[in-house]
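Reviewing the structure listed below.
We did not get these values from a lab; they are worked out from the coordinates using the rules stated. Fair warning: this is a prediction, and the values are worked out from it, not measured in the lab. Cβ atoms come from the backbone with ideal geometry, glycine included; neighbour counts cover every protein chain shown.
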């Protein structure tokens with residue numbers, strides 16, 4: 001089974017992300033659904049390893065926190081491949097992720113380079129003119145779309161171990177365990 005550790009988002013925040021998706025510039029892209037903040041991608045695991053992962057995740061120190069939606073960004077430089085919204089999070093989540101990385105490394109998982117809190121909006125397959133696409137993206141204001149600054153904030157009280165199942169219609173995410 002394909003596993004990852006993530007924070008699920010409140011429905012109100014997911015609705016905001018859908019509004020932002022609706023105004024993205026035209027390009028061949030698959031829009032993300034099942035919004036979440038990935039803390040650690042684990043990949044394929046058998047049942048025995050899953051049990052070990054859950055045991056380690058129970059030991060991770062986690063404090064509830066408030067996150068704030070920021071503006072849009074991309075991964076891929078001048079040839080964008082992923083469109084995302086940044087998140088402003090307190091230092092405590094970085095410490096949680098660092099501990100999680102260490103615990104997962106002890107189980108044989110690779111350590112990620114660095115944690116960049118973001119929510120994926122779309123994966124880009126093809127853009128005719130990258131420069132025009134990026135200029136259009138830069139005109140989008142998440143704050144204007146939200147209207148109310150309070151809508152851009154949400155409280156995080158827990159994280160989850162998810163299973164990801166790939167299908168022809170996209171990935172299906174299932175919560176396997178909750179940690180707080």
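Its residue count N fixes a reference of 2.2 N^0.38 Å for segment 120-175, and the Cα radius of gyration divided by that reference is 1.64. Using the alpha carbons alone, the radius of gyration of segment 1-145 stands to its Kirkwood radius in an Rg to Rh ratio of 1.01.
Compared with the dominant principal axis of the Cα atoms in the chain, helix 11-22 is inclined by about 40°. Net length available on complete extension from residue 78 to residue 52 is 5.3 nm, with 0.36 nm assigned per residue and the Cα-Cα distance removed. Listed peptides 173-179, 69-75 appear in the order 69-75, 173-179 once ranked by packing, highest mean of other Cβ atoms within 10 Å at the front. Sorting 12-25, 51-64 by their mean Cβ neighbour count within 10 Å, with the most densely packed peptide first, gives 12-25, 51-64. How far is helix 91-105 tilted off the main Cα axis of the chain, in degrees rounded to 10, range 0 to 90? For 91-105 against the chain, the angle is about 50 degrees. With R₀ set to 25 Å, the beta-carbon distance separating residue 11 from residue 94 gives a calculated FRET efficiency near 0.45.
Note on residue 102 and residue 138: their simple-model spin labels are 4.1 nm apart, each label 7 Å out from Cα toward Cβ.
Computed from Cα positions, the angle between helix 130-139 and the longest principal axis of the chain comes to roughly 90 degrees.
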